[in-house]
Amino acid sequence: MEPRASRFEARDCILKPVGGGRMSFSDENFLLQSEAARHLYRKYAADEPILDFHSHLSAKEIAENRRFGNLAEIWLEGDHYKWRAMRSNGVEEKYCTGNAPPFEKFMAWARTVPHTLRNPLYHWTHLELLRYFGVTRLLDEKSADEIWNQANSKLASGELTTQGILRKFGVRAVCTTDDPADSLEYHKKIQASGFATRVFPTFRPDRALRVEDAAAFNEWTGKLGASANVDIARLSDFLDALAKRHQFFHSMGGRCSDHGLDRAYSEPCTDREAEATFARARAGKEVTSDDATKFASYLMLHFGRLNAEKGWVMQLHLGAYRNANTRMYKALGRDVGFDCMGDTPQTTPLVRFLDMLDRDNRLPKTVLFNVNPVDNYAFATVIGSFQDGSIAGKMQFGTGWWFLDQKEGMEWQINALSNCGLLSRFVGMVTDSRSFMSFPRHEYFRRVLCNLVGADMDAGLLPDDEPLVGDMIRRIAFDNAYEYFGLPSVEGRAVAPAEHARARRM
Amino acid sequence: MEPRASRFEARDCILKPVGGGRMSFSDENFLLQSEAARHLYRKYAADEPILDFHSHLSAKEIAENRRFGNLAEIWLEGDHYKWRAMRSNGVEEKYCTGNAPPFEKFMAWARTVPHTLRNPLYHWTHLELLRYFGVTRLLDEKSADEIWNQANSKLASGELTTQGILRKFGVRAVCTTDDPADSLEYHKKIQASGFATRVFPTFRPDRALRVEDAAAFNEWTGKLGASANVDIARLSDFLDALAKRHQFFHSMGGRCSDHGLDRAYSEPCTDREAEATFARARAGKEVTSDDATKFASYLMLHFGRLNAEKGWVMQLHLGAYRNANTRMYKALGRDVGFDCMGDTPQTTPLVRFLDMLDRDNRLPKTVLFNVNPVDNYAFATVIGSFQDGSIAGKMQFGTGWWFLDQKEGMEWQINALSNCGLLSRFVGMVTDSRSFMSFPRHEYFRRVLCNLVGADMDAGLLPDDEPLVGDMIRRIAFDNAYEYFGLPSVEGRAVAPAEHARARRM
Amino acid sequence: MEPRASRFEARDCILKPVGGGRMSFSDENFLLQSEAARHLYRKYAADEPILDFHSHLSAKEIAENRRFGNLAEIWLEGDHYKWRAMRSNGVEEKYCTGNAPPFEKFMAWARTVPHTLRNPLYHWTHLELLRYFGVTRLLDEKSADEIWNQANSKLASGELTTQGILRKFGVRAVCTTDDPADSLEYHKKIQASGFATRVFPTFRPDRALRVEDAAAFNEWTGKLGASANVDIARLSDFLDALAKRHQFFHSMGGRCSDHGLDRAYSEPCTDREAEATFARARAGKEVTSDDATKFASYLMLHFGRLNAEKGWVMQLHLGAYRNANTRMYKALGRDVGFDCMGDTPQTTPLVRFLDMLDRDNRLPKTVLFNVNPVDNYAFATVIGSFQDGSIAGKMQFGTGWWFLDQKEGMEWQINALSNCGLLSRFVGMVTDSRSFMSFPRHEYFRRVLCNLVGADMDAGLLPDDEPLVGDMIRRIAFDNAYEYFGLPSVEGRAVAPAEHARARRM
């Protein structure tokens, strides 16, 4: 068992601090522009464990403790953020999603990096190279060879397997994102293995809503029925199968559902209407857009109530305009970097949806994520209208998501939540990532948070009371999420890393 | 007659200034982060009188010079901002709107306060405790007892009655918010008493628009008719009664109407259509949502024209999504903290409404308030399209309202107005509050304003010309509102406080 | 041939720098709040040439080398920004668009200027007075006489003719905005004259979309047909005439179309439907709003494809709510200062429009400009969904437009683009102005850009690598636009000004 490295022990810098109070890019004070910020970060944030309650990591790759062959494999594979930047820089598709050799892809990325100045990719790139591989040079065409070799030799050492990475970054728990019909076999394997980091599934039933594509819907319903051991003839069977899978996810330690929607669905839909729509789809007939929306509303209430019954958390990711580019969608499919922010009004359907659940006292704990920053303030006030005093921070406004997962976006979210709600009860950061290279984003978030709060202390906007303010930082870093999600068998922060690891092995 | 205390004479601090140029929370330089800001505030803002042109204070409580029994009574009663924070902190309803004993409610609040870091409540709380009761400790569970006693003994001294508070804060005039059917008996009593602070009614006819609830509409129309001494049979009677009450409010010194709407109403509606809708509602029949909207549009034009005729100011508060939580609305009613920001598009209906009035040259002076910050820039440009050169600043973009009544929200509003219009003509701050504890918000606003403008001076973005810049500050603090509203018998700032008080007594 | 003055050689200040690190308004470090910012500006931005790829300058006035009689003529004529400010300040219309004598208009403006503190007009005013006339006093009622005389005597010297101004500010190329039916006779004259600054037309076919006003449409179609030498009977003739004019603009060096729309149009419209709508309009019959929108969508695709064929750039200016004030529109017409921001959702129709072109691989290079800042982030992500790797920065998010053409607006645009795309590929600033006094806005933009980027260097958010960062600044200032637009016979920045001028004369 390797000892868990503190994320802060590597005090190496890309460029040494320069004189006159100026900071250097990626030194240990990166993003921490005041003494108060530095102090808060070091004392209350840097060494806190990670609870990554929303990610798109592959359970299979964790179970199999995947070893990555080279830097392109671990870093470029599936990373649509980088692909978008490369395309914007005039790089051909074969170097993005195409079949160019790994080193050529890496070189195309290396040539693009200097053009990402002020984009979060520039920060992520160098923070990741530093934390994973000890690279302290800026990546560009000239340094690419050296960095390629340095990273690959580190990968070859076997330290940075999927499990090695989770250990290295002190990840106490990670939640993946899973289809209800998924067997969760890899989750079982991980749990059986006694691996210290707990890995839980998240119930993501988006496909259950898509009755407009009857063929795909029926294929999926078949899988669902098989997984739940339910013969799905009528709507009640369908709901029953979903409930059984929800229960199964619960038995596997899952405590969250997750939903990726362009907006909340809250059109009133009777049982009879839902039954009729379901029957049409099952019969392979066309379903109108209106009927599909009503059906989606109906199912979302079903999921909300299942969550409420079991004390789960419902996560809503709202507002993305997916697959904006038809030509590329046809060529490459989903999740390859052709999505954008929508600007559909969110508040009214969202309030109605939450209200429909709340009327029966069946509104679960909920985290709202918006992709368009124009919704920040509205979302930060919507949660306030459904806080019912049952637990602190029952309704959450989630951290900056997707395009907002960067300094400006995080600051806006933190400020909106601060001004309209209780920052102190915030469950904090998630990677929401497909990549095992993304764990430094927790560090990034914590630095941004401490920088913002430290600046307030310096400006006299917060009391110069370190225990008071530091306690808030620490809770946002780990404790709030730990308490909020109630994931089984995860140790709290009080447990020291070594004990934690030992406990997990037993 | 107690002498009026300068809001700035208390130079006490919660925490003493610390070294190295850092400021301490709530010292005299609170929010003033540059020398220029401090200078502007002290010389041009701190001692200006207050003209609170929009509030929800109770005229009855002023007339009766209410004395508050304890800190819970003066501070927590009716304060839905605090209730929201408490619910978000997991506090049960009985400590918010419920029947827990006052001290227990206060303790629940005291325990919540440390969790409001970065929320405006944290600033307001300590500024209010300082300015009203001389409290210099931070409120939390440990300090609660001492602060409770200190405040209560100050309340017992009789200095902080409603009238005492208005005097203490140098409030030259305050406008309440009143139903057209209100007798204004307490306004009469106040005016008859010779109380130095002038208290004026504001005409708020929102209930006249609500034809969809025929029962409530008819009950209210009955009251309106009685108050106006008009037998309301037809629409023309209704309009006539409203006009008579408008005239009555004018005779009482009222110079504003106020309207709280989810959006501006500007659907074309003929006299005949309005008459038909009115007849249906009066007959207790159902009115469609479309007809109700047209009727509301019709009435809003009526109010706009009444205002234009008399030189009044029309205030529009736009965009709130009220009573978002049905369960709590049914349990507790309105204005208890279950509202949020809507995101309905505002600009098109608003422009149409203003344009309908302007076409006949009957657009009154208008102040637009938006609750969602996404509308800031649009609103700041809408006013520019209806400035007609008749008077400076005829169309106003109002200060940060409700959820925006905090540092970030105020700064956004000031910046939007600055960039798209003339900040120099801005009528400034209002408390918009139900609480007699809210007057330090004027101080808060002035500090935010001076901080922003002072920073610009320091950065060379404004000329280092103190009289030029200071004059703008002073006018925003008081003079602009004084000139704009033309409230009767209110002395200008040139009148010294003592003389002012004497004049009022005669 | 007068030598071209460096925009940065005049190191005079309105107020001298003061001690203690504070900057003075309009000194040489104006807007440059850090040493890094100053250095970037001086070395990489100040002396770069200008490529003003979108303006509303008059080709006639350039061709005729107009000399301005007085400061009112060159500065107030047609400037609706100033008129709006004056109206907001209570100035009568006769001093804005009316027939007051020039000096009285100037005095009305001079009295308004001190009320524009924090509005971009305050900065522009003094920067323009400084750069054109060497005026170092602040403009107000007292200084007005002196400034009037100083400016007029400079104008009388003949140095500041339209051509003199273009030379003075190092404008290598300027694109005007032109109707497809325009003969471009003045562009021909300019090109024939060998004037060093290249002046190109931009194809702006907004009138082709306005079938709802059949009379105006038919009048315009007549002109179009005449200019194209096409007898326009059917839709195909209309499209053909437009294509011929597009080709003619191309032959004149035009490389851009430009479109001012409340939103993108992307309603599906068959050839037959478009033909029917065209026929109705040509017959003088009424066209429904829906049909007009479909027709507009149809034509916009036509323009997009013409642009794609020829490698042009399509510029979309989206979201303005024009002629908001009917009374003033009837009295004064368009473009006189009664427009505002709309808040119609933009993203969905925009994505659909771009996608319709992209499906056939006929999406041209495109620059998106939004007038409402709420669209910043969405637009910055929309471009990313249509970057196809063909050239770097194919899809552009344009600089802050109209009400956003100021420090805060520019910073927001730069930040949105930085966070969601590649700032490094940005084509930068345009004046978008009717006034020959607007060229210092390029200086203003460059200072804002350098200030923002320099602050990041100082904060360690960018590497302290001057060549890396400086190269980005230089490209945004000129090179990116130079490469992107491919305007014919324009020299790159490597060509020194004198040689450049000589080359143009030959």
Going out from 0 in 5 Å bins, what whole percent of all Cα-Cα distances in segment A:359-482 drops into each bin? 2, 11, 20, 23, 20, 14, 6, 2, 1, 0
Ascending list, in nanometres, of distances separating the residue C:251 label from those of the other copies (7 Å, Cα toward Cβ): 8.0, 8.0
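Return the percentage of antiparallel bridges among DSSP beta bridges fully within the protein assembly as shown, rounded to the nearest 5 %. Write down the numbers at each step before the final one.
Values: 6 of 75 bridges.
If I count the DSSP bridges inside the protein assembly as shown, around 10 percent turn out antiparallel.
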1.4 Å probe accessible area per residue over segment C:67-156, in Å²: 34
What is the set of long-range amide H partners of residue C:365 at a cut-off below 5 Å, with H atoms built 1.01 Å from backbone N? C:314
For segment B:42-113, I need the span (max minus min coordinate) of the C-alpha atoms along each principal axis, in Å, sorted largest to smallest. 43, 31, 20
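For chain A, how big is the tail of P(r) above 29 Å, as a whole percent of Cα pairs? All intermediate terms of the calculation are to be shown ahead of the outcome.
Working: 67124 of 127765 pairs.
Within chain A, distances greater than 29 Å cover 53 percent of Cα pairs.
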Go through C:27, A:465, C:432, B:271 and list them by solvent-accessible area, largest first, probe radius 1.4 Å. B:271, A:465, C:432, C:27
How long are the semi-axes of the ellipsoid equivalent to the protein assembly as shown, from square roots of 5 times the Cα gyration tensor eigenvalues, in whole Å, largest first? 45, 45, 36
Once amide H atoms are built 1.01 Å from N in the peptide plane, which residues 5 or more positions from residue C:199, or in another chain, come under 5 Å H to H? C:174
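How big is the C-B contact in terms of buried accessible area, both chains counted, 1.4 Å probe, rounded to the nearest 100 Å²?
Numbers: alone 20850 and 20840 Å², together 37520 Å².
Using a 1.4 Å probe on protein heavy atoms, the buried area is about 4200 Å².
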Percent antiparallel among DSSP beta bridges with both residues in chain C, to the nearest 5? 10
In whole Hz and in residue order, list the ³J(HN,Hα) couplings for segment C:204-211 that follow from phi through the Karplus curve 6.51 cos²θ - 1.76 cosθ + 1.60, θ = phi - 60°; x for Gly and Pro. 10, x, 4, 5, 5, 8, 8, 6
Of the cross-linked pairs B:394/C:407; C:105/C:142; B:189/B:244; C:60/C:330; A:223/A:310; B:82/B:154, which ones have a Cα-Cα span greater than 19 Å in the structure shown? B:394/C:407; B:189/B:244; C:60/C:330; A:223/A:310; B:82/B:154
Can you give the percent of C-alpha pairs in segment C:186-342 whose distance is more than 27 Å? 30
In segment B:446-482, what residues drop by 40 Å² or more of accessible area when the other protein chains are put back, versus the chain on its own? Use 1.4 Å, and skip ligands and nucleic acids. B:458, B:459, B:460, B:461, B:462, B:463, B:464, B:468
Go ahead and estimate [θ] at 222 nm for the protein assembly as shown from helices alone: -39,500 (n - 2.57) per DSSP H run with n ≥ 4, summed, over the residue count, rounded to 500. -13500 deg cm²/dmol
Using a probe of 1.4 angstrom, how much of the accessible area of segment B:67-156 is carbon and sulfur, in percent? 46
Put a point 7 Å out from Cα along the line to Cβ at residue B:330; what are the distances to that point in the other copies, in nm, shortest first? 5.1, 5.1
Would you kindly derive the ³J(HN,Hα) couplings of segment A:387-404 from the backbone phi angles with the Karplus curve 6.51 cos²θ - 1.76 cosθ + 1.60 (θ = phi - 60°), listing them in order in whole Hz, with x for Gly and Pro? 6, 10, x, 6, 9, 5, x, 3, 9, 10, 9, x, 5, x, 10, 6, 4, 9
Using a 1.4 Å probe and ignoring any ligands, DNA or RNA, find the accessible area of residue A:213 and quote it in Å² to the nearest 10. 80
One decimal, nm, shortest first: give the distances between the label point of residue C:288 and those of the same position in the other copies, each label point 7 Å from Cα along Cα→Cβ. 1.8, 1.8
Can you send over the solvent-accessible area of residue A:250, 1.4 Å probe, protein chains only, in Å² to the nearest 10? 40
Could you run the Karplus curve 6.51 cos²θ - 1.76 cosθ + 1.60 with θ = phi - 60° over segment A:90-100 and give me ³J(HN,Hα) per residue in whole Hz, x for Gly and Pro? x, 8, 5, 4, 5, 8, 9, 8, x, 9, 5
Per the axis that maps chain B onto chain A, nearest residue of B (Cβ criterion) and its distance in Å: B:374, 3
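Which value in Å does the Kirkwood hydrodynamic radius of segment C:67-156 take, with 1/r averaged over all unlike C-alpha pairs and then inverted? Display every interim value, and only then the final one.
Working: mean 1/r = 0.0775 Å⁻¹.
For segment C:67-156, the Kirkwood estimate is 12.9 Å.
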If you count only protein heavy atoms and use a 1.4 Å probe, how large is the accessible surface of residue A:294, to the nearest 10 Å²? 50
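The values are calculated or read from the model by the stated rules, or taken from the named source; none is laboratory data. Keep in mind that this is a model prediction, so the values were computed, not measured. Positions of Cβ are generated from backbone atoms using ideal geometry, with glycine treated the same way; all protein chains shown enter the neighbour counts. Side chains included, ligands, DNA and RNA excluded: accessible areas come from the protein's heavy atoms. Shrake-Rupley method; radii C 1.70, N 1.55, O 1.52, S 1.80 Å.
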